[in-house]
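**Student:** Pasting a structure here, questions to come.
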Amino acid sequence: MATIGFIGIGNMGTGMARNLVRAGHEVTVFDLDTEKARDIEGATVAGSGEAAAAGRDIVITMLPAGPVVAKVYRDTIRPNAAPDTLFIDCSTIDVETARVLAGEASGEGFAMLDAPVSGGVAGADAGTLAFMVGGSAEGFARAEPVLAVMGAKVVHCGEAGAGQGIKICNNMMLAIQMISVAEGFALAEKLGLSPQSLFDVSSAASGQCWSLTTYCPMPGVGPQTSADNGYKPGFAAGLMHKDLGLAMAAAEQAGADVAFGRAAFEAYDRMVGAGDAGVDFSGVIRAKRGVD
Ligand code: NAD
C-alpha cells in the first residue's frame, strides 16, 4: 500500500480519495476549504498543501484549472516532495501546461503523469472513472494499480499531455451530445409530445447516448440526475466551458474543423455569461426550453 497525498477535495476528489482510503492506502488530504477535507473518513487532514505533499510515495491533484495546477506543483508540491515521489494530476487542464509541468518535474528528478478522468461525480464515488494517462511507461506502471482503485478503465494514451488531449476531444463530444439531447427534449415539448415517450424510444434507439441514458437533462424522466435536483452539479457549466475553450484552442492550433464543438462552446459561453457557471452543464436545456 502507498502513502498518498491528495490535494483538491472537491466534487470529484471526495469520492476518489474515499476509494483510495477504502483500498487501504494511507491517504493525507488537503483542500483550501478545510470542511471538504474533513469529509474523508479514514484520511489524515493536512494543515497545508506542503504537508500533504511531503514524504509521500504519490501525490495526486484534482484541481479546477491549469494556472492553479501549475502554481500548486511549482510552489507547494515540488519544493516539498520526497525524491522519487510520483505526481499524478487528474485535473482537466491544457495540453501545453501538462507538458511543461511534466518537463519541469522531470528536470528535478520526478515522474509526472497527466491523468484526467471521465465519468463524473457518480463515477468518482463508485470508483468507475475512466483515466486517460499521458507520461512515461515507467510512471504509468507505478500509477496503474492506484488509478485502478478509482477507475474501471485506465488507458495509457502516450507521452506527457496525451491524456489531456484525449480528454478535451471526449468532452467536446460530450458537450455536443448533451446539447443534442437538450434540443430533442425541447423540440418534443414544443410539439406537445411526452418527454417520457421520447426517453423510452431514444434510450433504446439510434439517439441513445450517455447524455440521455445516464445523465438525462430533462427532469422527471430516466434515472435520477442533476436535472431532478435543481441542476446542482455534478459537472458545473463553468468547467465544461473551460474544457471547450481548451478544445477550441487545440483545434485552432491543429487546423481541425470543429463547427459543432464551436456551437457548443458558444452555448456554454452564453450560460456562463448569464451567471450560471455554477449550474450543472445539463442545465443548458433550460435556455432551449425557455424555463428558469
Ligand atoms: P471542484 O471545484 O468541486 O473541486 C476543486 C477543489 O480544489 C475545490 O474543493 C477547491 O477548494 C480546491 N482547490 C482549489 N485551489 C486549491 C489549492 N490551491 N489548493 C488546494 N485545493 C484547492 O471541481 P471538480 O468538479 O471536483 O473538478 C476538479 C477537476 O476535475 C477539474 O479540472 C474538472 O474539469 C475535472 N473534472 C470534473 C468532472 C465533474 O463531473 N465534476 C468530471 C471530469 C473531470
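The values are calculated or read from the model by the stated rules, or taken from the named source; none is laboratory data. Given the structure is predicted, the values throughout are model-derived calculations rather than measurements. Note: ideal-geometry Cβ built from the backbone for every residue, glycine included; neighbour counts use all protein chains shown. Surface accessibility is based on the protein's heavy atoms, side chains included, excluding ligands, DNA and RNA. Shrake-Rupley method; radii C 1.70, N 1.55, O 1.52, S 1.80 Å.
**Student:** So which residues in region 46-58 are within 12 Å of the ligand (Cβ to nearest atom) and crowded, with 17+ Cβ neighbours inside 10 Å, if there are any at all?
**Tutor:** Listed by number, the residues that qualify are ALA46, GLY49, ALA52, ALA53.
**Student:** Quick check on my filter: what residues within region 15-30 are within 12 Å of the ligand (Cβ to nearest atom) and either open to solvent by 20 Å² or more (accessible area, probe 1.4 Å) or over 18 Å from CYS90 (Cα atoms) (or both)?
**Tutor:** Residues of region 15-30 within 12 Å of the ligand (Cβ to nearest atom): 15-17, 29-30.
Scanning region 15-30 gives a single hit, PHE30.
**Student:** Would you mind telling me which numbered condition in (1) surrounded by 18 or more Cβ atoms within 10 Å (Cβ to Cβ); (2) not in a strand (DSSP E or B) PRO145 fails?
**Tutor:** (1)
**Student:** Collect the residues in region 74-97 that are small (Gly, Ala, Ser) and open to solvent by less than 10 Å² (accessible area, probe 1.4 Å), keeping them in residue-number order.
**Tutor:** We begin by selecting, within region 74-97, every residue small (Gly, Ala, Ser); these are 81-82, 91.
The one that is small (Gly, Ala, Ser) and open to solvent by less than 10 Å² (accessible area, probe 1.4 Å): SER91.
**Student:** Somewhere in region 165-177, is a residue free of Cβ contacts under 8 Å to residues at least 40 places away in the same chain, over 25 Å from ASP89 (Cβ atoms), open to solvent by 20 Å² or more (accessible area, probe 1.4 Å) and touching a helix residue (DSSP H, G or I) at 6+ places or on another chain (Cβ under 8 Å)?
**Tutor:** There is at least one residue in region 165-177 that is free of Cβ contacts under 8 Å to residues at least 40 places away in the same chain, over 25 Å from ASP89 (Cβ atoms), open to solvent by 20 Å² or more (accessible area, probe 1.4 Å) and touching a helix residue (DSSP H, G or I) at 6+ places or on another chain (Cβ under 8 Å).
**Student:** Report the residue count in region 237-270 for those that are open to solvent by 20 Å² or more (accessible area, probe 1.4 Å), hydrophobic (A, V, I, L, M, F, W, C) and in contact (Cβ under 8 Å) with a residue 12 or more places away in the chain.
**Tutor:** First, pick out the residues of region 237-270 that are open to solvent by 20 Å² or more (accessible area, probe 1.4 Å): 238-239, 241-242, 245-246, 249-250, 252-260, 262-263, 265-266, 269-270.
Cutting the leftovers down to hydrophobic (A, V, I, L, M, F, W, C) gives us 239, 246, 249-250, 254, 256, 258-260, 263, 265.
Filter once more, so that each one left must be in contact (Cβ under 8 Å) with a residue 12 or more places away in the chain: 239, 246, 249-250, 258, 260, 263, 265.
Adding up the residues that qualify gives 8.
**Student:** ALA264: under 30 Å from GLY161 (Cβ atoms) and out of contact with any Leu (no Cβ under 9 Å at 6 or more places or on another chain), yes or no? Even if it seems obvious, please write down each step before you answer.
**Tutor:** Numbers: under 30 Å from GLY161 (Cβ atoms): yes; out of contact with any Leu (no Cβ under 9 Å at 6 or more places or on another chain): no.
Criteria not met by ALA264.
**Student:** What is the one condition in (1) touching a helix residue (DSSP H, G or I) at 6+ places or on another chain (Cβ under 7 Å); (2) open to solvent by 20 Å² or more (accessible area, probe 1.4 Å); (3) within 11 Å of the ligand (Cβ to nearest atom) that ILE9 does not satisfy?
**Tutor:** With (1) touching a helix residue (DSSP H, G or I) at 6+ places or on another chain (Cβ under 7 Å); (2) open to solvent by 20 Å² or more (accessible area, probe 1.4 Å); (3) within 11 Å of the ligand (Cβ to nearest atom) applied to ILE9, the lone miss is (2).
**Student:** Looking at this structure, is SER118 near the ligand (Cβ under 7 Å from one of its atoms) and either touching a Lys or Arg at 6+ places or on another chain (Cβ under 8 Å) or open to solvent by 30 Å² or more (accessible area, probe 1.4 Å) (or both)?
**Tutor:** Values: near the ligand (Cβ under 7 Å from one of its atoms): yes; either touching a Lys or Arg at 6+ places or on another chain (Cβ under 8 Å) or open to solvent by 30 Å² or more (accessible area, probe 1.4 Å) (or both): yes.
Yes: the conditions hold for SER118.
**Student:** Between residues in region 8-24 that are in a helix (DSSP H, G or I) and residues that are within 11 Å of the ligand (Cβ to nearest atom) and polar (S, T, N, Q), which pairs lie under 9 Å by C-beta distance while being six or more apart or on different chains?
**Tutor:** Final answer for the pair search is MET12/SER91; GLY13/THR61.
**Student:** Further, regarding this structure: Could you give every pair whose Cβ atoms fall below 6 Å, whose first residue belongs to region 116-134 and is touching a residue at least 60 places away in the same chain (Cβ under 8 Å) and farther than 23 Å from VAL100 by Cβ, and whose second residue is part of a strand (DSSP E or B) and more than 10 Å from the ligand (Cβ to nearest atom), counting only separations of at least 6 or pairs across chains?
**Tutor:** As it stands, the answer is LEU129/GLY151, since those pairs meet every condition given.
**Student:** Continuing with the same structure: Test THR92 against the criterion of being farther than 25 Å from GLY24 by Cβ and within 15 Å of the ligand (Cβ to nearest atom), and give yes or no.
**Tutor:** Values: farther than 25 Å from GLY24 by Cβ: yes; within 15 Å of the ligand (Cβ to nearest atom): yes.
Spelling it out, THR92 is indeed farther than 25 Å from GLY24 by Cβ and within 15 Å of the ligand (Cβ to nearest atom).
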